[in-house]
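See below for the structure under consideration.
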Amino acid sequence: MVYVGRTHSTRVHHEVGVVQRCPRCGDTPFALVQASGAGSSHSAYMIDEAGARRRAALDAYAALLEEAITARGLVPCPSCGARDPRMPARLRRTLGLKAASAVVIFAGIGAPGVYVGYPWFGGVFLGIGLLFAVALGVEHLLRQRRLRARLTFVPPPPELRTTEPVMEDPEDGLAVYLGWDVPTPASAAAPPPPSEPTAPPRPAGRQKRPPTLPTARQKALPFLMLAGAVTGAVLLGWGADVWLEGHQTIHVINPCVSSADVRIGDATLALAPGAMVTVTRPEGRHHVQVSLQNGHSYETDITLENSVGQRLGRSTAFIFNVLGAEPLLWEEIVYVDERVHRKNPRPRARILMGVDFHAIRDVEYLFTEPPDEVELHGGAQQAIRTMLSRIQEDPIDVIDVATEQGLLNPNQALPYLEGHILGGDRRPELATRYLAVCGDARQDARCQAFLQKAGLTQEP
Ligand SMILES: [Zn+2]
């Protein structure tokens, strides 16, 4: 979809007459201001072009009148020299809100950097925010000077008496004129009889609206909204991060033939053979106690650790499997665009065994089946996803298949088989596999010691 539209911009310059009663001496001097104003309006899909043009012109005239009133509010009374503090105070409030918003916006952009351990990032953005605030202040002073220079006090033109102000606030003693009626030579030569007044009488009860200059807060509104949005986004991200840091999921698996009690911190999990449960723990170090029904028990420490990016973006799989006796299959899945013939996509795969605790980064499909198809984005010809699954086969078959495929790593296979033996699997065939792997790895001494400790020396 293409968004079509046109922005109409209008800029108007006009001489504006401002009569403002002095709050001290009551004088009503006539000020002439060379004012200008800009307005813009957008016509979506080029619909209502004329309307957009008119809205732009109206905005421009509103800005023009506002500038004239602002200029008058900045200049002291020519008769007594009294300054009206209201306008400078209002402009300062707007400036204060804008400057504070600018600092908040840039500090907010920099805050995540400080949070993830890059304080210079936050410092740079805070500095930009402060510079921006200073620039707003300078602009504010220049604007005041410019406005004061555009105002001159002149004798009121006589035509003003018959001219309607375009804006009036009788309470405040303010009247604003945009042009004044110049009498035609005819009417000047023959003044109209009193029964026919040149100016129509004002309708009775007609209410003149007081001028509504935007308040300091309205002027600073876009800045305030942006500052609010940035603050909200930072707080939301920070809140999510803090929550996730306190709520990491651990998958606890008991691959042994004995049932097991696994105690992590103050949570005790009872696991039947082959069972998997999840438990939520905060990040950090945790003490784990494992007690198997066959009497074997051991203790270990695990550490749950994530960076902010891993916490918020790509989750880490934390898996505790008793005695390291569950092989896990980590593999890549390569999705290829069928219209493009790509040779040999070679997905990588690893079998993880013999270690009881895993923290595996960026697992997209954890103990779930990946989809048959995925969408390729941005002209990509292939996409690689990662998955992790349990291998719940008989350890004898696992060893046989892994040996056959050349995937067997003795450094992992030995603790894996020892885990099963300690976990209650006393089958002689398993001990035979164990001895074979020991022989291949030339670790006979270690194996003899283990078998003796496990009370299996007589059996094979
Ligand atoms: Zn005065």
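Please treat every number below as a calculation from the coordinates, not as lab data. Note that the structure is a prediction, hence the values are computed from the model and not measured. Don't worry about glycine lacking a Cβ; one is built from the backbone with ideal geometry, like all the others, and counts go over all protein chains shown.
What is the extension gain from Val334 to Arg83, computed as 0.36 nm multiplied by their sequence separation minus the C-alpha to C-alpha distance, in nm to one decimal?
Values: separation 251, 0.36 × 251 = 90.36 nm, distance 7.62 nm.
Contour length minus the Cα-Cα distance gives 82.7 nm.
Where Lys and Arg each count +1 and Asp and Glu each count -1, what net charge lies around Thr403 among other residues with Cβ under 11 Å from its Cβ?
Values: positive: Arg433; negative: Asp397, Asp400, Glu404, Asp440.
Taking every other residue near Thr403 into account, the sum is -3.
So in the chain, which Cys have no other cysteine's beta-carbon sitting under 4.7 angstrom from theirs?
Lacking a cysteine Cβ partner under 4.7 Å: Cys256.
Give, in nm to one decimal, the length gained when the segment between Arg442 and Arg92 is fully stretched (0.36 nm per residue of separation minus the Cα-Cα distance).
Details: separation 350, 0.36 × 350 = 126.00 nm, distance 8.32 nm.
So the extension gain works out to 117.7 nm.
Determine the equivalent ellipsoid of the chain by diagonalising the alpha-carbon gyration tensor, then write out the semi-axes as square roots of 5 times the eigenvalues, largest first, rounded to whole Å. Spell out each step's value before the answer.
Numbers: eigenvalues 1470, 126, 60 Å².
Each semi-axis is √(5λ); the values are 86, 25, 17 Å.
For the chain, the longest stretch holding no trypsin sites (Lys or Arg not before Pro) located in a DSSP loop with at most 11 other Cβ atoms within 10 Å is which?
Details: sites that count: Arg206, Arg339, Arg342, Lys343, Arg348, Arg442.
Longest site-free region, per DSSP loop and neighbour criteria: 1-205.
Decide, for region 1-129, between rounded, prolate and oblate: order the square roots of the alpha carbon gyration tensor eigenvalues as a ≥ b ≥ c, take rounded if a/c falls under 1.5, and otherwise choose prolate if a/b is larger than b/c, else oblate.
Numbers: a/c = 4.58, a/b = 1.28, b/c = 3.59.
Cα axes put region 1-129 in the oblate bin.
When a/c is below 1.5 the answer is rounded, else prolate if a/b is larger than b/c, else oblate, so apply that to region 257-334 with a ≥ b ≥ c taken from the square roots of the Cα gyration tensor eigenvalues. Numbers along the way, then the final one.
Numbers: a/c = 2.50, a/b = 1.44, b/c = 1.73.
In terms of gyration-tensor shape, oblate.
Volume per residue, Å³, of the convex hull around the alpha-carbon atoms of region 341-381? Kindly include the intermediate steps, with their values, before the conclusion.
On the way: hull volume 4.9 nm³, N = 41.
Hull volume over Cα atoms, normalised by residue count, gives 119 Å³.
Using Cα pairs under 8 angstrom and six or more residues apart, how large is the relative contact order of the chain, in percent? Mind showing how you got there, number by number?
Working: 767 pairs, mean separation 48.2, N = 460.
Once normalised by length, the contact order is 10 percent.
Taking the alpha-carbon set of region 304-402, what are its Rg and Dmax in Å?
15.9, 47
Compute the signed sum of charges (Lys and Arg +1, Asp and Glu -1) over the other residues within less than 10 Å, Cβ to Cβ, of Glu418.
Once positives and negatives cancel, what remains is +2.
Calculate, for Arg314 and Met225, the FRET efficiency according to 1/(1 + (r/R0)^6) with r their C-beta to C-beta distance and R0 22 Å; round to the nearest 0.05.
That pair, Arg314 with Met225, gives E of 0.10.
Local charge sum around Ala325 (other residues, Cβ-Cβ under 15 Å, Lys/Arg +1, Asp/Glu -1)? Kindly include the intermediate steps, with their values, before the conclusion.
Details: positive: Arg390, Arg426, Arg427, Arg433; negative: Glu326, Asp356, Glu393, Asp394, Asp397, Glu418, Asp425.
Spelling it out: positives minus negatives among the neighbours equals -3.
Tell me, what is the percent relative contact order of region 349-460, built from C-alpha pairs under 8 Å that lie six or more residues apart? Don't jump to the answer; show the numbers that get you there.
Working: 77 pairs, mean separation 29.3, N = 112.
Reported as a whole number, the value is 26 percent.
Taking each full run of DSSP H in the chain as one helix, which ones are at least 30 Å long along their axis (Cα atoms) and have mean Kyte-Doolittle hydropathy of at least 0.0? Mind showing how you got there, number by number?
Values: long enough: 49-74 (38 Å, 0.04); 86-115 (42 Å, 0.63); 119-149 (45 Å, 0.80); 221-246 (37 Å, 1.32).
The answer, listed by residue number, is 49-74, 86-115, 119-149, 221-246.
Please label the shape of region 369-454 as rounded, prolate or oblate, based on the square roots a ≥ b ≥ c of the eigenvalues of the alpha-carbon gyration tensor (a/c under 1.5 means rounded; beyond that, a/b larger than b/c means prolate, else oblate). Before the final figure, lay out each step's value.
Numbers: a/c = 3.55, a/b = 2.68, b/c = 1.32.
It comes out prolate by the Cα gyration axes.
Quick one: length gained pulling Leu130 to Ser297 fully straight, 0.36 nm per residue minus the C-alpha distance?
Taking 0.36 nm per residue and subtracting the Cα distance, the gain is 54.0 nm.
Scattering from the C-alpha atoms of region 58-176 alone, worked out with Debye: what is log10 I(q)/I(0) at q = 0.15, 0.20, 0.21 1/Å?
Taking Cα atoms of region 58-176 as identical point scatterers yields -0.82, -1.15, -1.21.
Could you check the spin-label model distance between Ala454 and Arg54? Points 7 Å from the Cα along Cα→Cβ, value in nm.
9.1
When only alpha-carbon atoms count, how far does region 1-75 stretch along each of its three principal axes, as whole angstroms with the largest first?
Dimensions of region 1-75 along the principal axes of its Cα atoms: 63, 18, 15 Å.
Return the distance in nm (one decimal) between the two label points of a simple spin-label model at Tyr45 and Arg426, each offset 7 Å from Cα along Cα→Cβ.
Taking the simple label geometry, Tyr45 and Arg426 are separated by 8.1 nm.
Any idea what the relative contact order of region 224-365 is, in percent, if you count C-alpha pairs under 8 Å spaced at least 6 apart?
22
Taking R0 as 60 Å, what's the FRET efficiency between Ala349 and Val138 from their Cβ-Cβ distance, rounded to 0.05?
Numbers: r = 63 Å, r/R0 = 1.05.
About 0.45, to the nearest 0.05.
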